[in-house]
1. Somewhere in region 42-55, is a residue away from the ligand (no atom under 16 Å from the Cβ) and either assigned by TED's automatic domain parsing to the domain that holds Val205 or in contact with a Cys (Cβ under 6 Å, 6 or more places away or on another chain) (or both)?
2. With the requirement that a residue be in a helix (DSSP H, G or I) and surrounded by fewer than 19 Cβ atoms within 10 Å (Cβ to Cβ), what does region 244-263 give you?
3. State the number of residues belonging to region 212-228 that are β-branched (Val, Ile, Thr), touching a residue at least 40 places away in the same chain (Cβ under 8 Å) and farther than 19 Å from Gly117 by Cα.
4. Kindly indicate whether any position in region 264-275 is buried (at least 16 other Cβ atoms within 10 Å of the Cβ) and either in a loop (DSSP other than H, G, I, E, B) or at positive phi (or both).
5. Does Arg154 fit the bill of being surrounded by fewer than 24 Cβ atoms within 10 Å (Cβ to Cβ), among the charged types (D, E, K, R) and under 18 Å from Asn194 (Cβ atoms)?
6. Considering only residues that are modelled with pLDDT of 95 or more and over 18 Å from Ile112 (Cβ atoms), which ones fall in region 184-206?
7. In region 1-17, what count of residues is obtained for those that are touching a helix residue (DSSP H, G or I) at 6+ places or on another chain (Cβ under 7 Å) and closer than 25 Å to Pro225 by Cβ?
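The values are calculated or read from the model by the stated rules, or taken from the named source; none is laboratory data. These figures come from a predicted structure and were not determined experimentally. Here the Cβ positions follow ideal geometry from the backbone for every residue, glycine too, while neighbour counts run over all protein chains shown.
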Amino acid sequence: MDLYAVMGNPVAHSRSPWIHHRFAELTGQTLDYGRRLVPLGGFAAAIAAFRADAAGTARGCNVTVPFKFDAAAIAQHVSPRAALAEAVNVLSFREDGIHADNSDGIGLVNDIVHHAGVTLTGSSLLLIGAGGAAAGVLGPLLETGPRRLVVANRTLAKAIGVVQRHAALALQHGVQIEARALDDIDGAFDVVVNATASSLAGDAVPVAASVLRPGALAIDLMYGPATDGFMDWARAHGAVARDGLGMLVEQAAVAFELWRGVRPPAAQVLAELRALVD
Ligand code: ATR
């Protein structure tokens, strides 16, 4: 049977096996999907061990924290969007070698457009954070053609770096892109994306509520109780709050289609997962 896994540390909490098993059931695909706890510094060895254990049946894996930066190094082919993000969350093991890709950004865009029902083209967008999670979603957000996109980060230099790396893509799509410090954001935005680790750390939302225009969509890339602070803050200031569960399912759907050539019913699986976790 074709074998897949999510590789990370920690990984016990991952919903990916459940999501991919459900996709497989609903599309009539035969596969197994497990989770592998990878020791820090041991990513390449863990991939080799996974493939050896599977004796030729391993077809790919998802890569999660903290290995998204390591995964490109073991691949023979890196997609342009993964190269720009400098982060990989999907590996496909094919005859011509390992292919690395990033489905996080397109997963976020699909969630915002299809599930939250928000149009990104022509909108104003605030992306908070400039680490791996933010870099992973910036390219696909730019490709939707927002009018203005501000990357705000606690460490301004990191925001400037990410913005410079994406300057050509922004120009290509006619987006006004800016790097800002967290206390230097002007204007109110249609969509505010929290891609910082602030929720995870239990810290306060790192920007002023004036960034939310009335009825804005405020979305945290995390999910679970850690996002409660951000979601409560957003609702208290008149925004529509959303967590990262939809993005999780949508990035998985893109990976599933890459591997299997079949588009799974992401909306149905998201509704089922929502009922499971709430
Ligand atoms: P990830 O892969 O989850 O993005 P990361 O690369 O370590 O992890 O990036 C974490 C992001 O969260 C960074 O943008 C970080 O800001 P700095 O670049 O200034 O470190 C941001 N972050 C973490 N804790 C934060 C907090 N308490 N308030 C504001 N931003 C925070």
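1. Step one: of region 42-55, the residues away from the ligand (no atom under 16 Å from the Cβ) are 42, 44-55.
From the residues that got through so far, the ones that are either assigned by TED's automatic domain parsing to the domain that holds Val205 or in contact with a Cys (Cβ under 6 Å, 6 or more places away or on another chain) (or both) too are none.
Scanning region 42-55, I find no residue that is away from the ligand (no atom under 16 Å from the Cβ) and either assigned by TED's automatic domain parsing to the domain that holds Val205 or in contact with a Cys (Cβ under 6 Å, 6 or more places away or on another chain) (or both), so the answer is no.
2. If we filter region 244-263 for residues that are in a helix (DSSP H, G or I), which is where we start, we get 245-260.
Selection gives Glu257, Leu258.
3. Quick first cut of region 212-228, residues β-branched (Val, Ile, Thr) only: 219, 227.
So of that shortlist, the ones also touching a residue at least 40 places away in the same chain (Cβ under 8 Å) come out as 219.
So of that shortlist, the ones also farther than 19 Å from Gly117 by Cα come out as none.
Total meeting the criteria: 0.
4. Checked against the condition, which is being buried (at least 16 other Cβ atoms within 10 Å of the Cβ) and either in a loop (DSSP other than H, G, I, E, B) or at positive phi (or both), region 264-275 yields at least one hit.
5. Values: surrounded by fewer than 24 Cβ atoms within 10 Å (Cβ to Cβ): yes; among the charged types (D, E, K, R): yes; under 18 Å from Asn194 (Cβ atoms): yes.
In short, yes.
6. Hits for region 184-206 are Asp184, Ile185, Asp186, Gly187.
7. Of region 1-17, the ones touching a helix residue (DSSP H, G or I) at 6+ places or on another chain (Cβ under 7 Å) are 4-7, 15-16.
Filter again for closer than 25 Å to Pro225 by Cβ, leaving 6-7, 15-16.
Matching residues across region 1-17 total 4.
Yes or no, residue by residue, for (1) within 21 Å of the chain's Cα centre (by Cα); (2) farther than 30 Å from Leu169 by Cα; (3) in contact (Cβ under 8 Å) with a residue 40 or more places away in the chain:
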| residue | (1), (2), (3) |
| --- | --- |
| Ala58 | no, yes, yes |
| Cys61 | yes, no, yes |
| Pro66 | yes, no, yes |
| Ala73 | yes, no, no |
| Arg81 | yes, no, yes |
| Ala87 | yes, no, yes |
| Val90 | yes, no, yes |
| Asp104 | yes, no, yes |
